[in-house]
1. More than 26 Å from Val86 (Cα to Cα), open to solvent by less than 60 Å² (accessible area, probe 1.4 Å) and within 23 Å of the chain's Cα centre (by Cα) - does that describe any residue in the stretch 138-150?
2. Starting from residues that are open to solvent by 70 Å² or more (accessible area, probe 1.4 Å) and hydrophobic (A, V, I, L, M, F, W, C), keep the ones in the stretch 151-178 and report whichever is farthest from Glu57 (Cα to Cα).
3. Checking Leu68 against (1) in contact with a Phe, Trp or Tyr (Cβ under 8 Å, 6 or more places away or on another chain); (2) modelled with pLDDT of 85 or more; (3) aliphatic (A, V, I, L, M), which single condition isn't satisfied?
4. Of all residues in the stretch 95-139, which are among the charged types (D, E, K, R) and within 18 Å of Arg56 (Cβ to Cβ)?
5. Pick from the stretch 99-128 the residues that are without any contact (Cβ under 8 Å) to a residue 40 or more places away in the chain, in contact with a strand residue (DSSP E or B) (Cβ under 7 Å, 6 or more places away or on another chain) and of a type in the set (Ser, Thr, Tyr): which of them is nearest to Gly76 (Cα to Cα)?
6. For the stretch 60-82, enumerate the residues that are within 23 Å of Phe149 (Cβ to Cβ) and in a helix (DSSP H, G or I).
7. Go through (1) at pLDDT 80 or above; (2) open to solvent by 30 Å² or more (accessible area, probe 1.4 Å) for Ser92 and report which single condition fails.
8. Considering only residues that are without any contact (Cβ under 8 Å) to a residue 40 or more places away in the chain, of a type in the set (Gly, Ala, Ser) and within 26 Å of Gln9 (Cβ to Cβ), look in the stretch 40-76 and name the one that is surrounded by the most Cβ atoms within 10 Å (Cβ to Cβ).
Amino acid sequence: PIMSEEITQMLGMRVKQLAPLLSLVVVDANANLVQAAISDNKGGYLKIKSINVADREYFRTHASASDLTPASLFVGRPIQGRINKVWFIPVSRPRLNADGSFAGVILGTIKLESFGNLYSSFELPTNASFALARNDGKFLARTPFNKLFFERTFEDNPFFRDVLPNAGEGIYHEHSSI
């Protein structure tokens, strides 16, 4: 159950202030949404009755972690929202009880289209693409959009296997194997 309209409005103001955000959500230890401001992309918010997110990667990651701290940030693979069908990247931290035990998740979602809009503003050569990936080889965003990239992993790619683990920072160029 949703806690209060006042908290929803406060979360909603944050979502409006940060255009790439799609939602801010509070989830309890049983994976139920207890507070949410989910944009309807028309300046308002969707009414949420009851949603359980126990199957979502961000919840499972925090719920099963043995070394949780409030700073344990997780950036998940892009997923499509159940309510509004909008693609987003989940960014979450655990909620902890006073004794340090798991109390749920604080979740912010970033509209995947915001990366596409940014990437498409660059002048790329024909057949070129722009991508954002985690250091484990899982893609977070790509232009042009293709949801099949989010289902694949590129952990065996030489960049993710050999270059990235030894690089502090830098720029890397490679002809794609795809």
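The values are calculated or read from the model by the stated rules, or taken from the named source; none is laboratory data. What you see is a predicted model; the values in this text were computed from it and never measured. Backbone-built Cβ (ideal geometry, glycine too); neighbour counts: all protein chains shown. Just so you know, the surface numbers come from the protein's heavy atoms only, side chains and all, with ligands and any DNA or RNA stripped out. Shrake-Rupley method; radii C 1.70, N 1.55, O 1.52, S 1.80 Å.
1. no
2. Ile171
3. (2)
4. Passing the criteria: Arg95, Lys111, Arg134, Asp136, Lys138.
5. So, considering only residues that are without any contact (Cβ under 8 Å) to a residue 40 or more places away in the chain, in contact with a strand residue (DSSP E or B) (Cβ under 7 Å, 6 or more places away or on another chain) and of a type in the set (Ser, Thr, Tyr), the one nearest to Gly76 (Cα to Cα) is Tyr119.
6. Arg60, Thr61, listed by residue number.
7. Result: Ser92 fails condition (2) only.
8. Only one residue tops the list, namely Gly44.
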